[in-house]
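Here is the structure we will look at, set down as structure tokens.
The values are calculated or read from the model by the stated rules, or taken from the named source; none is laboratory data. Keep in mind that what you see is a predicted model, and the values were worked out from it rather than measured. Counting neighbours? That spans all protein chains shown, and the Cβs are built from the backbone with ideal geometry, glycine included.
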Amino acid sequence: MTDTHCPYCALQCAMSVTDGKVSPREFPTNRGGLCQKGWTSAELLSSPARLTTPLVRRDGALHPATWDTALDLVAAKLRDLRAEHGPDAVGVFGGGGLTNEKSYLLGKFARVALGTSQIDYNGRFCMSSAAAAGTRAFGLDRGMPFPVTDLDHADAVLLVGGNPAETMPPFVQHLKGAELIVVDPRRTATAELATLHLAPAPGTDLALALGLLHCAVADGHLDQDYLDERTNGFTEAWRIAASWWPERVERVTGVPVADQRAAVRILAEAENAYVLTGRGTEQHASGADTVSAWINLALALGLPGRRGSGYGCLTGQGNGQGGREHGQKADQLPGYRKIDDPAARAYIQDVWGVADLPGPGRSAYELLDALGQENGPKALLVFGSNLVVSAPRSQHVADRLGALDLLVVCDLVLSETAEMADVVLPITQWAEESGTMTNLEGRILLRQVAVEKPEGVRSDLEVIQGLATRLGQPVERFPVEPEKVFEELRVASKGGLADYSGVTYDRLRAGEALHWPVVERSTPRVFLDRFAHPDGRARFIPVEHRGPAELPDADYPLQATTGRVLQHYQSGAQTRLVKELVDAEPEAYVEVHPDTATRAGLREGDLGAVVSRRGRTVARVRCVPSMRVDVVFLPFHFAGVGRANLLTNPALDPTSRMPEFKVCAVRLESV
Ligand code: SF4
């Protein structure tokens, strides 16, 4: 029996693997619980869809090849492209499911072995806006700056744009003692559990947050002592919120005045209260400002940095937190350092023994949009992402991938993106390798080898080393042993915001609960004494409401929003291979109000077409009376013609470069 953690979401539920079977394990975040995805995760280990040999495209088809053939071919092509077009001709795309060690080594590989600035990762699509908002408010982005178990003692929780009852069910037990207020345009499984459900029109969350701040002031709930002692900038934020009186907010959002006031009253009167945000409010072209507006509300009520209260973001991907700390982001170096900070560059150059690291590159969507273009990358190496399903405006992204001279995909199965590749490299998966993950509360966890890897597969670290050495790098610069990589990561992170220098595999093996920063001791609650800005104070950020980038009109009269279901994870590349999950949720669907379906000539169970300015998705119609008549919902886990992201709008948030996944204008048609 080997103790490890679930391969999927950021709750990182603890489990044991015995003879290839999983069983739940007692751990603070899941307390012995697993969701259906976790329970069935062992099926991935013996899936017949598993790749066990590299594949190389010849005459239009993928053929088995040896590792040497595949890696030699990739390295030769990369050398040629770099010689012809310069180092930025090669791009790298990482993922929020990669271990800390892989995230770290991938960033180093891109900048040192390839010399490219063109690296970003799918976390940009996930919670980059919350990360940006947390950084500017508190000086540091640790999604949940307190242990999940603190929520057990909450009296009230405002949960905005999150549906943990489906995405991470064991998390819900931590909300049981609280009055729960859910903000979501849909009546989700989580909204069903709420004391109060506020259902704003998609894309109007920022107006709602401004309105709740207005109510907090107007109804006498402002925590003036906290404002004086711990914050700056309230006056500027209030200047904007002052004009968002509740009646105006009701007109814009559809949320009744009484519900706005009740939500603020419940939060303000609770002894212990939290504001939590999720993708629903973050994946917008105004994502960072929207999260800032929610943080402003939490600050006005005096919640962040107080024991028993706070603001937190519900990280989604398994290593969504660690994945954004160690340098696979376009604008970052290890330790959550900024790549344009001269001191940070000098420090990392010293650790890596190199000079002149490339500067910041394009953000994820901008990188994909540039592929094959005159000044864009001509080759892309993809680790841990299935872009053809998960990227916004996904047919355009597939077209860009198709325009490359070289597409290399590392994956355990032939995902939709791997199907397009010139070279596919089969890699190890969660229980076959060790490595650390950082969960949604900033706790570093050790995944351990629980089963033997199939013959023929290699780890991402081995792939990186194999390519780096073929490109002329010394082998010792790119170790393949996870613990060795972690030892280097510790040094590289030292002194940064996400400081892991005091974390060791031995401490993790001994079961120590280590929440970063860890110089010597763990920091489970980061803001109790001071926030991370130089003056120790949190900042209100003055933000204005701006609606969705695309509004409904005569041709596209509805709004589409996308999200997740219980049985599937991210692009579904893994969960669509698990029979029990597919039996329960087999195909793409669209939720609509019955009247909306009728107007389109559709009935429950029909195939309907949802059409936006960017594409057309075909999905099974589900009539849901609780849906708003002006909104349709599509889960984004499905491939082919059911891809929800054929519709989505890649309008980018100017601060975080987050695309607007959560709202676009569509029409509904019969097929
Ligand atoms: Fe836990 Fe998330 Fe895995 Fe479900 S998917 S078992 S909630 S870690």
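Quick look at the values:
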{"read-out": "Verdict on Met127 being within 16 Å of the ligand (Cβ to nearest atom), aliphatic (A, V, I, L, M) and farther than 22 Å from Leu34 by Cβ", "value": "yes"}
{"read-out": "Set Ala130, Ala137: member being in contact with a Cys (Cβ under 8 Å, 6 or more places away or on another chain) and in a helix (DSSP H, G or I)", "value": "Ala130"}
{"read-out": "Filtered residue count, segment 544-563, keeping only those that are part of a loop (DSSP other than H, G, I, E, B), under 23 Å from the mean Cα position of the chain (by Cα) and surrounded by 23 or more Cβ atoms within 10 Å (Cβ to Cβ)", "value": "0"}
{"read-out": "Residue, surrounded by the most Cβ atoms within 10 Å (Cβ to Cβ), within segment 615-650, restricted to residues that are aliphatic (A, V, I, L, M) and out of contact with any His (no Cβ under 9 Å at 6 or more places or on another chain)", "value": "Leu647"}
{"read-out": "Residue that is farthest from the ligand (Cβ to nearest atom), among those in segment 50-66 that are surrounded by 13 or more Cβ atoms within 10 Å (Cβ to Cβ) and part of a loop (DSSP other than H, G, I, E, B)", "value": "Ala65"}
{"read-out": "Strands (runs of 3 or more DSSP E) within segment 348-438 that include 1 or more residues farther than 30 Å from Ala14 by Cβ and not polar (S, T, N, Q)", "value": "379-383, 406-411, 423-426"}
{"read-out": "Segments classed as strands (runs of 3 or more DSSP E), wholly inside segment 565-671, with at least 1 members that are closer than 26 Å to Ala418 by Cα and without any contact (Cβ under 8 Å) to a residue 60 or more places away in the chain", "value": "589-592, 616-623"}
{"read-out": "Count of residues meeting criterion [under 15 Å from Glu580 (Cα atoms), away from the ligand (no atom under 11 Å from the Cβ) and small (Gly, Ala, Ser)] in segment 27-49", "value": "3"}
{"read-out": "Residue satisfying condition, being assigned to a loop (DSSP other than H, G, I, E, B) and not assigned by TED's automatic domain parsing to the domain that holds Val90, within set Gly502, Gly456, Gly472", "value": "Gly502"}
{"read-out": "Residue in segment 445-452 that is touching a helix residue (DSSP H, G or I) at 6+ places or on another chain (Cβ under 7 Å) and under 17 Å from Val74 (Cα atoms) present", "value": "no"}
{"read-out": "Residue satisfying all of: in segment 391-430; small (Gly, Ala, Ser) and in contact with a helix residue (DSSP H, G or I) (Cβ under 6 Å, 6 or more places away or on another chain); nearest to Lys37 (Cα to Cα) among these", "value": "Ala391"}
{"read-out": "Residue match in segment 89-109 (condition: surrounded by fewer than 23 Cβ atoms within 10 Å (Cβ to Cβ) and either within 16 Å of the ligand (Cβ to nearest atom) or within 30 Å of the chain's Cα centre (by Cα) (or both))", "value": "yes"}
{"read-out": "Sole exception among (1) part of a helix (DSSP H, G or I); (2) touching a Leu at 6+ places or on another chain (Cβ under 8 Å); (3) more than 21 Å from Leu566 (Cβ to Cβ); (4) aliphatic (A, V, I, L, M) for Leu45, by number", "value": "(2)"}
{"read-out": "Residues of segment 140-162 that turn out to be part of a helix (DSSP H, G or I) and either surrounded by fewer than 21 Cβ atoms within 10 Å (Cβ to Cβ) or away from the ligand (no atom under 16 Å from the Cβ) (or both), as a count", "value": "4"}
{"read-out": "Residue check, Arg306 basic (Lys, Arg) and buried (at least 24 other Cβ atoms within 10 Å of the Cβ)", "value": "no"}
{"read-out": "Number of the exception - Phe27 against (1) part of a loop (DSSP other than H, G, I, E, B); (2) touching a residue at least 40 places away in the same chain (Cβ under 8 Å)", "value": "(2)"}
{"read-out": "Residues satisfying the stated conditions in segment 361-370, i.e. farther than 19 Å from Phe109 by Cα, touching a helix residue (DSSP H, G or I) at 6+ places or on another chain (Cβ under 9 Å) and surrounded by fewer than 24 Cβ atoms within 10 Å (Cβ to Cβ)", "value": "Tyr365, Asp369, Ala370"}
{"read-out": "So Leu299, is it part of a loop (DSSP other than H, G, I, E, B), in the same structural domain as Gln283 (by TED's automatic domain parsing) and not aromatic (Phe, Trp, Tyr)", "value": "no"}
{"read-out": "Unique match (being away from the ligand (no atom under 16 Å from the Cβ) and aliphatic (A, V, I, L, M)) among Ala132, Ala165", "value": "Ala132"}
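Residue-wise test of (1) among the aromatic types (Phe, Trp, Tyr); (2) in contact (Cβ under 8 Å) with a residue 40 or more places away in the chain; (3) touching a Phe, Trp or Tyr at 6+ places or on another chain (Cβ under 6 Å).
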| residue | (1), (2), (3) |
| --- | --- |
| Asp369 | no, yes, no |
| Lys378 | no, yes, no |
| Phe383 | yes, yes, no |
| Ala391 | no, yes, no |
| Arg400 | no, no, no |
| Val409 | no, no, no |
